[in-house]
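The structure follows.
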Amino acid sequence: MKIAFADCFSGISGDMCLGALVDAGLPLEQLRTMLAGLPVSGYQLTGERVTRQGITGTSVRVKISDPSSEPHRHLGDVEAIIRQGKLPTDVQDKAIEIFRSLGEVEAAIHGVPIEAVHFHEVGAVDAIVDVVGVVWGLRFLGVERLYASALPTGSGTVQTAHGLLPVPAPATLALLARCHAPLRASSATTELVTPTGAALLAGLARFEQPEIRLEQVGYGFGQKTLPWPNVLRLWIGETEVAGVSDSEDVIGVIEANLDDELPEILGATLDTLLAAGALDVFFTPIQMKKNRPAVKLTVLAPLDAMANLGSLVLRETSTLGVRTYTAKRLKSNRWQDRVSTPWGDILVKVKEFAGERRASPEYEDCLRIARSVGVPLADVYRVVNAAIVSQGLLGRDSTGTRLPSSASSEHERGERNQ
């Protein structure tokens, strides 16, 4: 499996990401051609080879013709722009997911509904180009998984549409808190991690350094001059994890037996662990010594989150200790797609394994439709399942081979698969 590691020793921004991708082999002209399909104009994408402080790499910039004419877009405007581009569905979905995360933190910071958020800097053309370009560029280079280093915080203030704000900017800090990003102190009195850079990592990366058989390194330069090279290093290569194939990975398992805990505490603990990054949390009825009825708490966790999640179990419950071990997961390929319905496009989950493809409606999307139009959730499921079949979503795999059609309406947990 091809993977990449973002070495963010000098921080990260959207243009640094694009520069690193181009330096690693993404053709600039093909990037321009892809971006030309988006219904936005008034900008020029430039790229040049530069040498600074002894390192040679690529600087990619989005030059806006007239910054004063840039509109303040809402999330819906940005989504419409991305949907109208000639992009693979998975690229569209991931780019929109990244902008939605930006919208959610901005809404929380300003105390307004997400629909009312004005995207200022992050809704401008350069942010759209950066996000779509990075998501598409990783796909073009065949990178299936992105990892990232700890991030330097920087300090001082930054000028925004809302005036001077502290560094890291509130949106940046909120995004990094959502993904529990590891931060480290820096002597730089300037912004090192931009909101766009934080959103890209929060939506795409795991914060750990992987085992890798290194094949190439891309250097993407930022626009600031610092005492050190202001560059993002992107390491690209193949995984070197013994015994783990493209369809497998390794996760952590945390367990604790609880025979004296209030049910309300158990429910709250489940929510806390999921919010802290657990892949899944569940309870199993067990019988302990002296015939006491009890439950076994099981937490499935990313390897880099095991210590934190284990500590949370000890803090939030009455257990005196936890058991931890690692386990392999055999996984199917899965992604999100959309089907057209009388109520608009609705997300579905697609699963492909051993030559068979299945799809099921996304529960949250269906529930939103059911509540907004006042129809039973079961009716929405029936319409979406019919659309899955009628619109040919199950009819072929990524190679174009015809596949048997089979739709499932199971209420799955999205990406939190056991």
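Taking region 254-284 as the region of interest, how many residues are within 15 Å of Leu312 (Cβ to Cβ), part of a strand (DSSP E or B) and among the β-branched types (Val, Ile, Thr)?
2
Check Phe221 against each of (1) touching a Lys or Arg at 6+ places or on another chain (Cβ under 7 Å); (2) of a type in the set (A, V, I, L, M, F, W, C); (3) more than 18 Å from Val60 (Cβ to Cβ) and name the one condition it does not meet.
Condition (3) is where Phe221 drops out.
Name the single residue, out of those in region 363-393 being under 26 Å from Glu352 (Cβ atoms) and hydroxyl-bearing (Ser, Thr, Tyr), that is modelled with the highest pLDDT.
Tyr381
Among (1) more than 21 Å from the chain's Cα centre (by Cα); (2) more than 29 Å from Ile96 (Cα to Cα), there is one condition Met306 misses while meeting the rest; what is its number?
The one condition Met306 does not meet is (1).
OK, next. Is there any pair linking a residue in region 57-83 that is assigned by TED's automatic domain parsing to the domain that holds Ala95 and charged (D, E, K, R) to one that is in a strand (DSSP E or B) and modelled with pLDDT under 85, with Cβ under 6 Å and at least six apart or on different chains, and which?
Qualifying pairs under 6 Å: Arg73/Phe119.
Can you give me the ranges of the strands (runs of 3 or more DSSP E) entirely in region 1-71 with at least 3 residues that are surrounded by 14 or more Cβ atoms within 10 Å (Cβ to Cβ) and touching a helix residue (DSSP H, G or I) at 6+ places or on another chain (Cβ under 7 Å)?
Once the strands (runs of 3 or more DSSP E) in region 1-71 are filtered for at least 3 residues that are surrounded by 14 or more Cβ atoms within 10 Å (Cβ to Cβ) and touching a helix residue (DSSP H, G or I) at 6+ places or on another chain (Cβ under 7 Å), what remains is 43-52, 55-64.
Looking only at helices (runs of 4 or more DSSP H) that lie completely in region 287-396, which have at least 1 residues being more than 23 Å from Cys179 (Cα to Cα) and not hydroxyl-bearing (Ser, Thr, Tyr)?
Result: 363-373, 377-390.
Can you find even one residue in region 234-242 that is touching a Cys at 6+ places or on another chain (Cβ under 7 Å), under 25 Å from Thr190 (Cα atoms), not in a loop (DSSP other than H, G, I, E, B) and not hydroxyl-bearing (Ser, Thr, Tyr)?
Scanning region 234-242 turns up no residue that is touching a Cys at 6+ places or on another chain (Cβ under 7 Å), under 25 Å from Thr190 (Cα atoms), not in a loop (DSSP other than H, G, I, E, B) and not hydroxyl-bearing (Ser, Thr, Tyr).
Residue by residue, here is whether (1) of a type in the set (D, E, K, R); (2) modelled with pLDDT of 95 or more; (3) within 27 Å of the chain's Cα centre (by Cα) holds:
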position	(1), (2), (3)
Gly42	no, no, no
Asp66	yes, no, no
Asp77	yes, no, yes
Ala80	no, no, yes
Gln84	no, no, yes
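Are there any pairs with C-beta distances below 8 angstrom linking a residue in region 368-384 that is loosely packed, with under 13 Cβ neighbours inside 10 Å to a residue that is in a helix (DSSP H, G or I), with the two at least 6 apart or on different chains, and if so which?
Once the first residue is loosely packed, with under 13 Cβ neighbours inside 10 Å and sits in region 368-384, its partners that are in a helix (DSSP H, G or I) give Pro376/Ala370.
Please state which one of Phe207, Phe221 is of a type outside the set (A, V, I, L, M) and modelled with pLDDT of 95 or more.
On inspection, the qualifying residue turns out to be Phe221.
Please tell me if Gly203 is within 22 Å of Val60 (Cα to Cα), under 15 Å from the mean Cα position of the chain (by Cα) and not aliphatic (A, V, I, L, M).
yes
Within region 199-226, which residues are crowded, with 18+ Cβ neighbours inside 10 Å and over 27 Å from Ala171 (Cα atoms)?
Ile212, Gly218
Exactly one of (1) in the same structural domain as Ser186 (by TED's automatic domain parsing); (2) surrounded by fewer than 13 Cβ atoms within 10 Å (Cβ to Cβ) is unmet by Pro229. Its number?
(2)
What's the total number of residues in region 271-293 that are surrounded by fewer than 18 Cβ atoms within 10 Å (Cβ to Cβ) and of a type in the set (A, V, I, L, M, F, W, C)?
Residues meeting the conditions: 7.
Could you go through region 90-110 and let me know if any residue there is of a type in the set (Phe, Trp, Tyr) and either surrounded by fewer than 18 Cβ atoms within 10 Å (Cβ to Cβ) or within 19 Å of Ala171 (Cβ to Cβ) (or both).
Yes, that holds for at least one residue.
A further question on this structure: Tell me, please, whether a residue that is surrounded by fewer than 19 Cβ atoms within 10 Å (Cβ to Cβ), within 21 Å of the chain's Cα centre (by Cα) and free of Cβ contacts under 8 Å to residues at least 40 places away in the same chain can be found in region 245-257.
For region 245-257, residues surrounded by fewer than 19 Cβ atoms within 10 Å (Cβ to Cβ), within 21 Å of the chain's Cα centre (by Cα) and free of Cβ contacts under 8 Å to residues at least 40 places away in the same chain: absent.
Let me ask another. Among the residues of region 177-231, write down those that are over 21 Å from Leu21 (Cβ atoms) and not in a loop (DSSP other than H, G, I, E, B).
Hits for region 177-231 are Ala177, Arg178, Leu183, Arg184, Glu191.
Just for region 315-356: of the residues that are among the basic types (Lys, Arg) and over 25 Å from Val253 (Cα atoms), which one is surrounded by the fewest Cβ atoms within 10 Å (Cβ to Cβ)?
Arg338
The values are calculated or read from the model by the stated rules, or taken from the named source; none is laboratory data. Note that this is a predicted model, so its numbers are computed, not measured. Neighbour counts are summed over all protein chains in view; Cβ atoms, including those assigned to glycine, are modelled from backbone coordinates with ideal geometry.
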